[in-house]
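First comes the structure, then the notes that go with it.
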């Protein structure tokens with residue numbers, strides 16, 4: 001049986017290998033040799049690494065593994081990530097019942113029928129962005145002109161945040177999600193962003209609109225500061241993830257022309273295609289973190305109270321036992337069991353919206369740009385290895 | 001097949017509505033699961049099993065009858 005005294009296998013996060021779409025080889029190797037193993041973190045602290053699909057589901061659905069980032073032993077991937085997780089507490093880093101109380105103020109906002117009702121509006125935004133991108137031009141950066149503005153515009157609309165402030169909040173988001181940002185930089189970005197949202201929330205008290213911030217104000221259960229922190233979480237989580245997933249999906253499809261041709265010919269299959277892309281790309285690439293609140297045995301390994309656990313969902317999403325041939329992209333696969341949105345009660349709140357945006361984004365791009373191709377050699381594409389959310393910094397395309 | 005739901009456990013992720021919209025819905029006020037058909041016909045069983053399998057909060061329990 002593994003014990004806490006074992007020598008760490010490597011320092012997390014490990015370096016990627018030759019394929020930029022695949023998780024670093026060290027994780028898949030750990031999955032085969034020692035699926036629950038010891039690693040060390042940036043500051044030398046030890047943590048458990050969990051790599052198999054079954055074991056990760058067990059950890060993420062077990063309330064004895066805490067999401068409370070203020071507990072001793074909680075693992076972080078960088079000093080900045082520790083500041084992000086502990087500087088302003090949101091329900092993302094809380095346990096039930098407090099987590100459930102806060103999350104349930106928002107679950108109605110992202111339920112299937114409510115999100116589905118947004119479809120015409122999201123389609124309109126996607127078409128307008130592509131109109132502007134292709135107007136008199138035959139090349140451009142998909143990230144800047146489409147992948148980032150699409151979910152940004154949508155989350156602004158839902159929250160009641162003015163989109164004209166996008167340079168400001170996108171820059172804050174970039175700092176918050178950088179593994180290379182210092183504690184001071186992260187704290188500064190957090191403060192600026194939450195101050196902005198607090199001012200906005202205050203304004204909603206006198207001039208309410210039809211957005212989530214106004215509805216949270218109207219509930220009367222949260223302070224302006226609490227609404228500001230919640231708004232900050234939704235604003236950043238609401239656009240960085242889908243933006244990166246959109247651009248990375250387009251790149252993965254361009255590198256798999258048979259899959260791209262299949263989706264272009266069968267746009268009605270886009271929902272399944274998006275699930276497979278979520279599995280294959282798993283942009284939450286440094287894993288999901290928990291700390292054991294008491295001693296728990298998982299997969300035959302005893303994890304002691306106070307020990308950190310990193311659930312490597314990117315490795316689990318290629319676990320051969322769940323997804324045979326999982327290193328390949330196969331849009332006809334039933335990939336719905338993937339863990340790209342996590343698992344358990346913390347599973348992504350906004351996933352119906354992410355699915356809608358991705359389905360519309362991919363089908364609209366493929367339908368409207370039949371000659372779509374990469375405008376630079378694949379080797380020159382800059383991947384976001386240093387960011388908490390994986391993707392590409394730019395995606396220069398021609399059409 | 002008998003379907004049981006646990007509204008206390010539900011986290012409103014919405015998988016069940018995608019997998020079996022004839023059997024599951026979400027409450028308007030908070031997106032928590034609502035059971036539309038506790039004893040669905042055979043042709044819906046696959047969808048219901050999929051819903052139970054992907055539910056992140058283990059809020060769906062199936063009973064053979």
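Please treat every number below as a calculation from the coordinates, not as lab data. Keep in mind the model is a prediction, meaning the values are calculated, not measured. Cβ coordinates were reconstructed from backbone atoms using ideal geometry, including for glycine residues, and neighbour counts include every protein chain displayed.
Quick look at the values:
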{"quantity": "Surface/4 of the Cα convex hull for segment A:91-184, nm²", "calculated": "8.8 nm²"}
{"quantity": "Percent of alpha-carbon pairs separated by more than 19 Å within segment A:6-61", "calculated": "31 percent"}
{"quantity": "Listed residues A:37, A:67, A:332, most fluctuating in chain A (Gaussian network, C-alpha, under 10 Å)", "calculated": "A:332"}
{"quantity": "Contact order relative to length of chain B, as percent, for alpha carbon pairs under 8 angstrom and 6 or more apart", "calculated": "47 percent"}
{"quantity": "Distribution of pairwise C-alpha distances over segment A:24-112, 5 Å bins, in %", "calculated": "3, 12, 16, 20, 20, 16, 9, 5, 1"}
{"quantity": "Neighbour-count ranking [beta-carbon atoms within 10 angstrom, fewest first] of A:399, A:48", "calculated": "A:399, A:48"}
{"quantity": "Per-selection Rg to Rh, segment A:256-307 - Cα, Kirkwood hydrodynamic radius", "calculated": "1.33"}
{"quantity": "Sum of -39500 (n - 2.57) over DSSP H runs of 4+, divided by residues of the protein assembly as shown (222 nm, nearest 500)", "calculated": "-13000 deg cm²/dmol"}
{"quantity": "Cβ-derived FRET efficiency at R0 35 Å, residue A:254 paired with residue A:320, nearest 0.05", "calculated": "0.85"}
{"quantity": "Cα-based radius of gyration of chain B once divided by 2.2 N^0.38 Å, which approximates compact folds", "calculated": "0.97"}
{"quantity": "Centre separation in Å (Cα based) which lies between segment A:156-183 and segment A:94-149", "calculated": "15 Å"}
{"quantity": "Residue mean of other protein chain beta carbons inside 10 Å, B:11-24", "calculated": "5"}
{"quantity": "Paramagnetic label zone (point 7 Å from Cα along Cα-to-C-beta, residue B:53; backbone N under 15 Å) in segment A:50-80", "calculated": "A:54"}
{"quantity": "Choice from A:282, A:246, A:86 with maximal GNM fluctuation in chain A (Cα, 10 Å cutoff)", "calculated": "A:86"}
{"quantity": "For A:311, A:156, order by how many other beta-carbon atoms lie within 10 Å, fewest first", "calculated": "A:156, A:311"}
{"quantity": "Approximate spin-label separation residue B:22-residue A:210, in nm, with each point projected 7 Å along Cα-to-Cβ", "calculated": "3.3 nm"}
{"quantity": "Peptide A:106-119, shielding by other chains (average Cβ, 10 Å cutoff)", "calculated": "5"}
{"quantity": "Gaussian network model of chain A, springs between alpha carbon atoms under 10 Å - residue of A:145, A:121, A:180 with greatest fluctuation", "calculated": "A:121"}
{"quantity": "Net lengthening on full extension, residue A:101/residue A:383 (0.36 nm per residue, minus Cα-Cα)", "calculated": "97.8 nm"}
{"quantity": "Stretch gain in nm, segment residue A:223-residue A:202, where the contour uses 0.36 nm per residue and the Cα spacing is subtracted", "calculated": "6.5 nm"}
{"quantity": "For residues of A:332-343, the mean tally of beta carbons on other chains within 10 Å", "calculated": "2"}
{"quantity": "Length-normalised contact order for chain A - Cα pairs under 8 Å, 6+ apart - percent", "calculated": "25 percent"}
{"quantity": "Rounded FRET efficiency, nearest 0.05, which uses the C-beta distance separating residue A:168 from residue B:4 and R0 of 45 Å", "calculated": "0.40"}
{"quantity": "Sorted by Cβ density within 10 Å, fewest first, the residues B:45, A:12, A:338", "calculated": "B:45, A:12, A:338"}
{"quantity": "Chain A - convex hull of the alpha-carbon atoms, volume per residue in Å³", "calculated": "130 Å³"}
